[in-house]
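Colleague: This is the structure I want to talk about, given as structure tokens.
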Amino acid sequence: MSESIYLVASGDLRLSANQKCWPAQEHVEQAVIAAVQREGRQVVRAHPYNPALQHGFIDSQRHGMEAFRNIPAEAPLLVVEAVWQYSHHVLHGLYSHRGPILTVANWSGEWPGLVGMLNLNGSLTKAGVRYSTLWSAEFTDEFFLRGLRQWLREGRITHDTSHVHPLADFKLPDESTRIASELASELKREKAILGVFDEGCMGMYNAIIPDELLHPVGVFKERLSQSTLYAAMLQVGDDEAQGVRRWLDAKGMRFHTGRNPETDLTDEQILAQCKMYIAAVRLADEFGCDAIGIQYQQGLKDLTPASDLAEGLLNNVDRPPVRAAGNGRVLFEGAALPHFNEVDECAGLDALVTNRVWRRLGFDPETTLHDVRYGEDYQGQFVWVFEISGAVPPQHFAGGYRGAVSERQPSMYFRLGGGTIKGNSKPGEIVWSRVFVDNGALKADLGRAGVVDLPAQETERRWQMTTPQWPIMSAVTYGVSRDQFMARHKANHIQVAYAPDSDAANRALFAKAAAFRDLGLEVSICGKLSR
């Protein structure tokens, strides 16, 4: 290896986020550099701190291209992340880099680097770029140092992925194979549409399924513009939007409002979000969509409050009725309209299949994605913090709508505000999954987990160390340790759906896994089926 190791840091596109998060990034970089120096190697930062912008991130694709021109193609390369980052800022340079690549994140839920790194890892996996990955809280623990030394010595890191088993290793119940065969045949014959309101949200290359991989599954994209959504919002009257708000109030959902739109959630912001919900349902009906994904970032964030309230309502079976503008027909009556947050098409395909499998089994079909945000041990078991700003249906909360509260999105990311659907996910049995693209092929990982009911004080502590305005799920993955999960997972997102009990969850997992298999995906089961 070359004597010098080069370091890059991909950041946000939003100046406010880069400035706010820079101190955490600087602290992590110093810790990583110190660890490398203790091993006798030197680190060269490939792009400088910008005193005018008050941060040292690569903050655009063009900036990234300029930075990579100064990096020798064969040099070992560190990508260090303590923040959410836009993968396309650096993906171009990593495509053509010939030296060993190591992605590194701090084990912290604060901004969060873990989510940013997992997105970059998923993007590199899709692109067929070889890389290694590591994570640590302090960068002095044996796990991190052992991996770093292996990478410095060999240019790669070996992680334990013994929890991953091909679906062929399992004997599937007859019910699961029958349901899977029926659903796969139906989807390939009758087809389905994902309504995509602009692709490539926040540089998430891993969230785009190429058409040539999606079409054989029987799923096609209706490419819609977010300007279309905004225009449809302008056609919704205040009285209709107020009707949605009154419906939510009657259900017991609470809204934490104030008078200052710069810092508070206002009634005007909520009204705009209700209009977005109505507009989204009407557009989905107009174009015959079976599921939709709103990007929100970028563009729409400069026009209207956040999409999160609309997203969570769409994913709930029990939701405010929306009528067609012409004939008054109730649209998608008695059904969820699956929404895939941040236009993650992998999650969209997953949500579509989940909805159909769960309905066939007679289970509540509400499903959502979450960020793999953070996690800690609690009383002898590792408990994940799954958390996402939008798309979580109230049915997932203890108390349903009465367990839901809407709080203003952080102004650092959401200048025009808007509320979330915040709640604490109810204890129960879930199936988790991730569809991903791996070097030209569609794959799916599935596993089992339990949502645990942590004490209120512990849940609040976890909320405060992440994003307290967002819905949270405290989950224990069965037979999958923290490090095994991180080593295998190829996305910042994870899909979850509840089942009535453990046996029912196993039935659903096998039916969904078999459906993916029959649709042509390569399927793996991760971990164990029970605690």
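Colleague: Considering only DSSP beta bridges whose two residues both sit in the chain, what percent are antiparallel, to the nearest 5? Display every interim value, and only then the final one.
Modeller: On the way: 43 of 81 bridges.
Close to 55 percent.
Colleague: For residue 199 and residue 158 in one chain, what is 0.36 nm times their gap in residues minus the Cα-Cα distance, to one decimal in nm? Each step should come with its number before you reach the end.
Modeller: Values: separation 41, 0.36 × 41 = 14.76 nm, distance 3.36 nm.
My answer for the length gained is 11.4 nm.
Colleague: How would you rank 115-122, 189-196, highest first, on the average number of other Cβ atoms within 10 Å across their residues?
Modeller: Values: 115-122: 27.4, 189-196: 17.8.
Those peptides, ordered most packed to least, come out 115-122, 189-196.
Colleague: Viscosity 1.567 mPa s, temperature 4 °C: give me the Stokes-Einstein translational D for the chain in µm²/s, with Rh taken as the Kirkwood radius over C-alpha pairs.
Modeller: Numbers: Rh = 23.4 Å.
Rounded to a whole number, D works out at 55 µm²/s.
Colleague: Nearest 20 debye, what's the magnitude of the dipole of the chain about its Cα centre given +1 on Lys and Arg Cβ and -1 on Asp and Glu Cβ?
Modeller: Working: 54 positive and 64 negative charges, 86 e Å.
Around 420 debye, computed over the chain.
Colleague: Net charge within 14 Å of residue 165 by Cβ-Cβ distance, Lys/Arg positive one each and Asp/Glu negative one each, not counting residue 165 itself?
Modeller: Details: positive: 171, 443, 448, 488, 517, 528; negative: 160, 169, 445, 522.
So the environment of residue 165 carries a net charge of +2.
Colleague: Okay, next question. In straight Cα distance, which lysines are under 16 Å from residue 251, not counting same-chain residues fewer than 8 positions off?
Modeller: Cα-Cα hits under 16 Å: 422.
Colleague: Taking every alpha carbon pair in the stretch 113-178, what does the distance histogram look like in 10 angstrom bins from 0, in percent?
Modeller: Bin by bin from 0 Å, the calculated values are 16, 34, 27, 16, 7, 0.
Colleague: Determine the gain in length on full extension of the stretch residue 359-residue 231; use 0.36 nm per residue of separation and subtract their C-alpha separation, reporting nm with one decimal. Let's see the in-between values first.
Modeller: Numbers: separation 128, 0.36 × 128 = 46.08 nm, distance 3.33 nm.
Between residue 359 and residue 231, full extension yields 42.7 nm more.
Colleague: Leaving out same-chain residues fewer than 8 places away, which lysines sit with a Cα under 21 Å from that of residue 171?
Modeller: 443, 512, 528
Colleague: Would you kindly state how much longer the chain becomes between residue 464 and residue 169 on full extension, computed as 0.36 nm times their sequence separation minus their alpha carbon distance, in nm to one decimal?
Modeller: 102.0 nm
Colleague: Taking only C-alpha pairs under 8 Å that are 6+ residues apart, what is the relative contact order of the stretch 1-154 in percent? Intermediate values should be presented prior to the final figure.
Modeller: Details: 270 pairs, mean separation 38.9, N = 154.
RCO, the stretch 1-154: 25 percent.
Colleague: Considering the options 164, 474, 397, tell which one lies farthest towards the positive end of the dipole of the chain, charges being +1 on Lys and Arg and -1 on Asp and Glu at the Cβ, about the Cα centre.
Modeller: 164
Colleague: Counting only complete DSSP H runs, which helices of the chain cover 27 Å or more along their long axis at the Cα atoms and score a mean Kyte-Doolittle of -1.0 or above?
Modeller: On the way: long enough: 15-38 (34 Å, -0.29); 267-286 (28 Å, 0.08).
Length and hydropathy pass: 15-38, 267-286.
Colleague: For the stretch 226-301, what mean projected area does the convex hull of the alpha carbons give, in nm²? Write down the numbers at each step before the final one.
Modeller: Details: hull surface 23.7 nm².
That works out to 5.9 nm².
Colleague: What is the sum of charges, Lys and Arg at +1 and Asp and Glu at -1, for the other residues whose Cβ falls under 12 Å from the Cβ of residue 392? Show your work: numbers first, answer last.
Modeller: Working: positive: 422, 426; negative: 308, 311, 366, 371, 387.
For residues surrounding residue 392, the net value is -3.
Colleague: Given a Förster distance of 60 angstrom, what is the FRET efficiency for residue 137 paired with residue 327, based on the Cβ-Cβ distance and rounded to 0.05?
Modeller: Details: r = 58 Å, r/R0 = 0.97.
Calculated transfer efficiency: 0.55.
Colleague: Against the 2.2 N^0.38 Å scaling, with N counting residues, where does the stretch 4-154 land? I'd like the Cα-based Rg ratio to two decimal places. Walk me through the numbers before you get to the answer.
Modeller: On the way: Rg = 13.9 Å, N = 151, 2.2 N^0.38 = 14.8 Å.
That works out to 0.94 for the stretch 4-154.
Colleague: Then there is this: Helix-derived [θ] at 222 nm for the chain: sum -39500 (n - 2.57) over DSSP H runs of at least 4, divide by residue count, nearest 500? Numbers along the way, then the final one.
Modeller: Details: 15 runs with 187 residues, N = 531.
So the helix-based figure for the chain works out to -11000 deg cm²/dmol.
Colleague: How far apart, in nm, are the 7 Å Cα→Cβ label points at residue 96 and residue 402?
Modeller: Reported label-point gap for residue 96 and residue 402 is 6.1 nm.
Colleague: Please report the equivalent ellipsoid semi-axes of the stretch 96-205, computed as sqrt(5 x eigenvalue) of the Cα gyration tensor, largest first, in whole Å.
Modeller: For the stretch 96-205, the semi-axes come out at 36, 21, 15 Å.
Every number here is computed from the coordinates shown, using simple stated rules; none is lab data. If you're wondering where the values come from, they're calculated on a predicted model, not measured in any experiment. Heads up, the Cβs are rebuilt from the backbone with ideal geometry, glycines too, and the neighbour counts pull from every protein chain shown.
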